[in-house]
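The values are calculated or read from the model by the stated rules, or taken from the named source; none is laboratory data. Nothing here was measured: the structure is a model prediction, and the numbers come from that model. Every residue, glycine as well, gets a Cβ built from its backbone with ideal geometry; the counts of neighbours run over all protein chains shown.
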Amino acid sequence: MRRSLALLGLPLLVLSGCAAPGAGSAPPAGPDQRPAFTQRAEEVAGRWRPGPQWRTGYVPLQDATVLTGDPGFTDETKVAFAAGWYRDQIRMPADAPPDGTIRFPDGVLRVPLVSAADAYAQLDQGDPPPCDGRPGAPGRPAGGPTVEPGPDAPVSTTAPTPCVPLTVTAARLGTAPVWTSRGRVDVPAWLFTVDELSVPVARLAVAPRAVGEAPGGAADGRQLPDGLVAAQELRAVTGNRLDYVVGVGACDGAPTPLLLERPDMVVVGAAVVRSTGICTAQLALKPVSVTLAAPLGTRTVLDVGTGAPLMVRAG
């Protein structure tokens, strides 16, 4: 599917540079911010009551299209991957394979799987737009007459439109690592070989009827206290380190990451110093890092703003 990021209904998103990771626990916040965060995080943790499927079923916490390593993106192939532009050069098997197995730390789950044809249909989101400004042949711009180089030749002032689809040349059933409500596990997936990339593109193969949905937020709907900001998504989990993104005002100071750690969950957010001057109404996305007292394991990471579990999206 086409993937886009829409946060809090704000009209414009600005991606910020990376904040320095913490060396130990989260750096201390101002005296008025940490108590307010702790109170809110305790309320969120107390309201978190997921259904039984959260601990007994399969609830993915990331997109169903997964890269299996470093793809070696160019600018154009990165756009094509994000937009879902593919062209197949093979006949996709239409028969569903036998049920697959997901091995969680606390048990094994058998799940029905979809065919390669069905997985590819979910992966492929259409064709790229025409290649505006690209020559169809040497010396002949697309859709126009031949123009010889010279002082009167037109000069393009914009970059060419990305228009390269990804070419699928093989498909096989395998697995891909996925963050779920029960930790990071290998999930059955169709692995599509793509000529333009150095690793296969995986599309998770679990049939929709066996895929659980993450519950909504556990917060009570109140706004965060002034000076606190919400977490938007997880970027990476490495041992006991969490990399995540918070949404701040465009003129706010650098965020100080904050967390509440419990044996069964972690609640995260950040504190900021608000700007006192006039500022545009934009949301800036800023990466931060915290170090937990122990590896995350199967614990849930909740946003202090909404109380919802954070999805994992690679930066």
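Among the residues making up segment 36-58, those that are farther than 13 Å from Asp264 by Cα, modelled with pLDDT under 95 and part of a loop (DSSP other than H, G, I, E, B) are Gly51, Pro52. Do we find that Gly239 is over 17 Å from the mean Cα position of the chain (by Cα) and surrounded by 15 or more Cβ atoms within 10 Å (Cβ to Cβ) in this structure? Spelling it out, it is not the case that Gly239 is over 17 Å from the mean Cα position of the chain (by Cα) and surrounded by 15 or more Cβ atoms within 10 Å (Cβ to Cβ).
Being of a type in the set (Gly, Ala, Ser) and either assigned to a strand (DSSP E or B) or within 19 Å of the chain's Cα centre (by Cα) (or both) is a property that Gly297 lacks.
Hey, among Pro215, Pro188, Pro257, Pro177, which residue is buried (at least 16 other Cβ atoms within 10 Å of the Cβ), closer than 18 Å to Ile102 by Cα and in contact (Cβ under 8 Å) with a residue 12 or more places away in the chain? Lay out the reasoning, then the answer.
On the way: Pro215 fails: closer than 18 Å to Ile102 by Cα; Pro257 fails: closer than 18 Å to Ile102 by Cα; Pro177 fails: buried (at least 16 other Cβ atoms within 10 Å of the Cβ).
Of Pro215, Pro188, Pro257, Pro177, the one residue that is buried (at least 16 other Cβ atoms within 10 Å of the Cβ), closer than 18 Å to Ile102 by Cα and in contact (Cβ under 8 Å) with a residue 12 or more places away in the chain is Pro188.
Gly247: assigned to a loop (DSSP other than H, G, I, E, B) and either modelled with pLDDT under 95 or within 17 Å of the chain's Cα centre (by Cα) (or both), yes or no? In short, no.
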